[in-house]
Amino acid sequence: MRWSIVRAALVLIILSLVGISSRGAATGTEIWYQGQLSDAGTPANGTFDFQFTLHDAPTGGNTIGPSLQRNGVTVGNGLFATDLDFGAGAFVGNARWLQISVRPTGDGPFTTLTPRQSLAAVPYALYAMTPAGPTGPAGPKGDKGDTGAAGPGARVQ
């Protein structure tokens with residue numbers, strides 16, 4: 001079977017909410033990958049095994065972090081999603097490409113999909129939230145607003 005990723009379709013990278021708290025705790029390094037898998041132009045259905053490798057170039061180049069394998073990923077109407085964690089040094093501001101290989105669950109060798117997928121800038125929010133991330137300029141000072149109503153137990157002077 002020949003598998004391909006439909007580039008114009010769903011290729012989103014969003015941050016995983018795992019580890020984010022309202023107190024600003026560390027976010028971790030996991031990202032969430034969503035994609036669309038088709039076979040000869042028809043959306044795939046079933047369970048598939050995937051291999052993911054992060055690279056620093058669209059072809060050739062170096063592998064960044066570990067190779068990840070996700071077995072038994074459910075694909076419905078061509079759509080799938082999985083978590084990926086390439087480690088702390090994976091997203092430090094440089095361009096990255098994701099190489100994906102796929103096979104029906106447990107059935108034979110993996111087929112490498114081409115081309116590699118360019119990753120959107122969203123994973124770099126992981127970098128921006130670290131001490132090594134860039135410090136942005138202070139925003140403009142706003143106008144002083146009206147004083148609100150006094151709450152219970154407030155002293156009026």
Seminar exercise, completed: Other residues with Cβ under 13 Å from the Cβ of Gly89 give, with Lys and Arg +1 and Asp and Glu -1, a net charge of -1
For this session: Please list Leu54, Leu68 in order of solvent-accessible area, largest first, computed with a 1.4 Å probe with all protein chains present.
Result: Leu68, Leu54
Seminar exercise, completed: The extension gain from Ala120 to Thr105, computed as 0.36 nm times the residue separation minus the Cα-Cα distance, is 2.6 nm
Seminar exercise, completed: With x for Gly and Pro, the residue-by-residue ³J(HN,Hα) of segment 73-86, computed from phi through the Karplus equation 6.51 cos²θ - 1.76 cosθ + 1.60 at θ = phi - 60° and given in whole Hz, is 6, 6, 10, x, 6, x, 9, 8, 8, 7, 8, 9, 9, 8
Exercise. Roughly how many nanometres apart are two label points built 7 Å out from the Cα toward the Cβ at Glu30 and Thr112?
Worked result: 2.9 nm
Seminar exercise, completed: Between Lys144 and Ser67, the two model label points (7 Å from Cα along the beta-carbon direction) sit apart by a distance in nm of 6.5 nm
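The values are calculated or read from the model by the stated rules, or taken from the named source; none is laboratory data. In this text, all values refer to a predicted model and were calculated from it rather than measured experimentally. For neighbour counting, all protein chains shown are included, and Cβ atoms are generated from backbone atoms with ideal geometry for every residue, glycine included. For the accessible areas, the whole protein counts, side chains as well, though only heavy atoms, and no ligand, DNA or RNA atoms are used. Shrake-Rupley method; radii C 1.70, N 1.55, O 1.52, S 1.80 Å.
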